[in-house]
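So the structure is just underneath, and the comments pick up after that.
Computed from the coordinates by the stated procedures, all read-outs in this text should not be read as laboratory data. What you are looking at is a predicted structure, and each value in this text was computed from that prediction instead of being measured. Glycine gets a Cβ as well: all are built from the backbone with ideal geometry, and neighbour counts include every protein chain shown.
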There are 2 protein chains.
Amino acid sequence: MAKHIGKQTMVFSSPVSVLETAVTVGTKEGAGPLGKYFDQILKDNMAGQKSWEAAEIAIVKQNLQLLMKKCTAKPDYILSGDLLNQCCASTYGIRDLEIPFFGIFGACSTFGEALSLAAVLVDSGGAENVIAAASSHFCSAERQFRFPLELGNQRPPTATYTVTGDGAAMVSNADKPPYITAVTTGKIVDYGVKDSSNMGAAMAPAAADCIYAHFCDTGRHPDHYDLIITGDLGYVGKDLLLQLLDEKKLDISKQYSDCGIEMFDRETQDTHSGGSGCACSAAVFGGMLYRKLKSGALKRILFIPTGALMSTDSINEGESIAGIAHAVAIESEAVKWNI
Amino acid sequence: MAKHIGKQTMVFSSPVSVLETAVTVGTKEGAGPLGKYFDQILKDNMAGQKSWEAAEIAIVKQNLQLLMKKCTAKPDYILSGDLLNQCCASTYGIRDLEIPFFGIFGACSTFGEALSLAAVLVDSGGAENVIAAASSHFCSAERQFRFPLELGNQRPPTATYTVTGDGAAMVSNADKPPYITAVTTGKIVDYGVKDSSNMGAAMAPAAADCIYAHFCDTGRHPDHYDLIITGDLGYVGKDLLLQLLDEKKLDISKQYSDCGIEMFDRETQDTHSGGSGCACSAAVFGGMLYRKLKSGALKRILFIPTGALMSTDSINEGESIAGIAHAVAIESEAVKWNI
């Protein structure tokens, strides 16, 4: 049984395990500092397909098949989403798998939403094993949200680089560490940022709101966690987040990082403010974070995928970019919530 | 606690109530045969806004505010989705409400997905009250998926008419009838239909698959239900569904209808194959079906919102239209599942 505590947090009293993960990424991600943690690195970001969208679909399908191969547990449901219009990478990537499907959309926070709802499904007893997944592709995202790559447009220093790949996790009642122990679901927060090349600034207020809520709701102190890691705020968003939390007298700087910062090498990979996209947090979690949780190098993490909710139409019609973030606590030991 | 039964069904042992609904619709929907069941009928489908997208956003916000006014229960979460790219109607409609938000996408099956996940959240103990909602707008959908209305294009007889509106339900642990007793979550089914003006044909196989799975999983007979009603198959999809189920030796014709058929008058409203869109099933449920369940005119229904998963890009790149459907059993008495 789950329990709602505080304003926006659920805690789980039955063990909800992350039983296995699988990550497939593109060439640039594979060449970055986290390359050794990924299961599959594409030789060609087209993945043998004729379009970028078809490539993303192929990556989704390959990665979910890999997860099911790595892990004998049969999934009851898949929760997945992506950045393509009408979440088509998930739809067509999952089509042939014949597994009941919940499509979700939280922009780049999608993997956090997927883990949260998968944990509720497993904890409720309604499912034994649920796949949580998210994908993105640099080329399909640039074409859809900004400019086709063929134009060779310059990108401003505040821009982040959409990660190509798919990250997936098997959430399970198998009672093996690590465990999802709590989720704090984010509200939409909009500080009026209208620059779609500065997503870090648009998302930082939502991340601050969600992280602050997590500590208020649970009564925990940041030192409970070895690592507090956001999804894709990048260098610009990181500074803003720490500043916003400082105004609320919450200091997480000692154990804070961002998946977008971890994904690429700042000096040599020319990604400006860092990595982004649904696959950014999904791949860093499924790769490095999960392996470190399994090995004991990390014992308790707060993982907060962040999303910028907008479309080209909303931008063209003058809307600002609304942010959202979902925090998921993952720990090497199950927690007896005494509430 | 929920329980997974058969291949793709969850049943709920704690009472999961639909405590209240709210429905706001456009002028044509208000003038149709179900007009008397809706809470708010717009005088102008622009809802006082400057664009169709902004109108849909305004409708979402107004309708969710109306639901919270009709019902004193404070929602812990909102689950909502729509057809606009990146689900922007939900994002901007919900932005100012300051309620934790899970964005979902299941095309026109979205309301079924929302009810299913809301039921799991409530049943798990993770939430007391959850809003499940979905919206669509004829004009924003036509512009996005087909042609701008200004072109005055003709629509073929197989085409359906996207419903303008928002339907929302407060799913709750308040233990008042009617109850959500079981959900059967659909798999993606694709029979290769490529005509985006014939969604009924694209979705019928998924609806047949989900309905058949529901009866296999639960062991129930169609006669258990007073009404078995799909989301927006329309006249074309209805015939195909009954034919597909006939091949599986399942006869639901006695108690079968479709929300898209119920929504508009065939003779006078010129909507060709019927109504469609996320708001079609959401409005018919929140309006007529919910009121009849409350009054006792209906005792047990199986409600199956249906979705066509595609985008203009997937169509342009030659993909077929993948279908999905989610079945939700709603009954005037809670069920003791003896499994």
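Roughly speaking, what % of Cα-Cα pairs in the range B:179-331 are separated by over 20 Å, rounded to a whole number?
Numbers: 5296 of 11628 pairs.
That fraction is 46 percent.
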Going by average Cβ neighbours within 10 Å, how do the peptides B:235-244, A:68-77, A:100-109 rank, with the highest at the top?
A:100-109, B:235-244, A:68-77
I need the shape label for the range A:1-92. Rule: rounded when a/c is under 1.5, else prolate if a/b > b/c, else oblate, with a, b, c from the alpha carbon gyration tensor.
prolate
So, in the range A:2-172, how many Lys pairs have Cα atoms under 25 Å apart, if the pair is 8 or more places apart or on different chains?
15
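Would you kindly calculate the mean projected area, averaged across all directions, of the convex hull enclosing the Cα atoms of chain A, in square nanometres? Mind dumping the intermediate values first?
Values: hull surface 62.1 nm².
Spelled out: convex hull of the Cα atoms, projected over all directions, averaged, 15.5 nm².
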Quick query: amide H of A:Glu128 versus all other amide H atoms, modeled in the peptide plane; which residues come in under 5 Å with a sequence gap of 5 or more or a different chain?
A:Asp76
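Using the Cα gyration tensor of the range B:260-311, with a ≥ b ≥ c the square roots of its eigenvalues, what is the shape: rounded (a/c below 1.5), prolate (a/b larger than b/c) or oblate (neither)?
Cα axes put the range B:260-311 in the oblate bin.
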Say we join alpha carbon atoms closer than 10 Å with springs in a Gaussian network model of chain A; which of A:Gly192, A:Gly152, A:Gly35 then has the biggest fluctuation?
A:Gly152
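In deg cm²/dmol, rounded to 500, what helix-only [θ] at 222 nm does chain B give when every DSSP H run of at least 4 residues adds -39500 (n - 2.57) and the total is split over its residues? The partial results should precede the final answer.
Working: 11 runs with 110 residues, N = 339.
After summing the helix terms and dividing by residue count, I get -9500 deg cm²/dmol.
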With unit charges on the beta carbon (Lys/Arg positive, Asp/Glu negative), name the residue among A:Tyr92, A:Thr185, B:Gly200 whose Cα is farthest towards the positive pole of the charge dipole of the protein assembly as shown.
A:Thr185
Per residue of B:89-96, other chain Cβ atoms within 10 Å number on average 6
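In peptide A:123-133, how many Cβ atoms from other protein chains are near each Cβ within 10 Å, on average?
Details: counts 6, 15, 11, 16, 7, 1, 0, 0, 0, 0, 0.
So the per-residue partner count for this stretch is 5.
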Residue among A:Gln154, A:Ala174, B:Tyr77 farthest towards the positive dipole end of the protein assembly as shown, charges placed on Cβ:
A:Ala174
Taking amide H positions as placed in the peptide plane 1.01 Å from N, state which residues far from B:Leu227 in sequence (5 or more) or on other chains have amide H under 5 Å from it.
B:Arg300, B:Leu302
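Quick one: divide the alpha-carbon radius of gyration of the protein assembly as shown by 2.2 N^0.38 Å and tell me what you get. Spell out each step's value before the answer.
Values: Rg = 22.9 Å, N = 678, 2.2 N^0.38 = 26.2 Å.
So the protein assembly as shown has a normalised radius of gyration of 0.88.
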Please list 3J(HN,Hα) in residue order for the range B:175-180, calculated via the Karplus relation 6.51 cos²θ - 1.76 cosθ + 1.60 where θ = phi - 60°; whole Hz, with x for glycine and proline.
6, 10, x, x, 10, 8
Highest-fluctuation residue, B:Ala208, B:Ala134, B:Ala168 considered, GNM on chain B with Cα pairs under 10 Å:
B:Ala208
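Compute the relative contact order of chain A as a whole-number percentage, counting only Cα pairs closer than 8 Å that sit 6 or more residues apart in sequence. Let's see the in-between values first.
Working: 892 pairs, mean separation 86.9, N = 339.
RCO, chain A: 26 percent.
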Tell me, what ³J(HN,Hα) does each residue in the range B:182-196 have, in order and in whole Hz, if you take phi through Karplus 6.51 cos²θ - 1.76 cosθ + 1.60 with θ = phi - 60° and put x for Gly and Pro?
7, 10, 10, 8, x, 8, 6, 10, 9, 9, x, 5, 10, 8, 6
So if I take the centroid of the Cα atoms in the range B:236-287 and the same for the range A:32-78, what is the distance between those two points in Å?
38 Å
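How big is the antiparallel share of DSSP beta bridges in the range A:2-172, given as a percent to the nearest 5? Don't skip to the end; give the middle numbers.
Numbers: 20 of 31 bridges.
Among the beta bridges of the range A:2-172, antiparallel pairing accounts for roughly 65 percent.
What is the fewest-to-most order of B:Ile99, B:Ile188 by other Cβ atoms lying within 10 Å of their Cβ? Please list the in-between numbers first.
Numbers: B:Ile99 20, B:Ile188 26.
Least crowded to most crowded, the residues run B:Ile99, B:Ile188.
For peptide B:321-331, how many partner chain Cβ atoms fall within 10 Å of a residue's Cβ, on average?
On the way: counts 1, 6, 1, 7, 0, 3, 0, 0, 0, 0, 0.
Mean partner-chain Cβ count within 10 Å for B:321-331: 2.
Which percent, to the nearest 5, of DSSP beta bridges fully inside chain A are antiparallel?
Antiparallel bridges make up about 65 percent of those DSSP assigns within chain A.
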Please list the non-local residues whose amide H lies under 5 Å from the amide H of A:Ala159, H modeled 1.01 Å from N, same-chain partners needing a gap of 5 or more.
A:Ser273
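In debye, nearest 20: dipole of the range B:245-311 around its Cα centre with unit charges on the Cβ of K, R (+) and D, E (-)?
On the way: 9 positive and 8 negative charges, 111 e Å.
Dipole size: approximately 540 debye.
Roughly what % of DSSP beta bridges within the protein assembly as shown run antiparallel, to the nearest 5? Working shown, then result.
Working: 77 of 117 bridges.
So the antiparallel bridges in the protein assembly as shown amount to around 65 percent.
Taking Cα pairs under 8 Å and at least six residues apart, what relative contact order does the range A:1-139 come out at, in percent?
With pairs under 8 Å counted, the relative contact order is 24 percent.
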Does the range B:70-220 come out rounded, prolate or oblate by the C-alpha gyration tensor, with a ≥ b ≥ c the root eigenvalues, rounded set by a/c under 1.5 and, if not, prolate when a/b is larger than b/c and oblate if not?
oblate
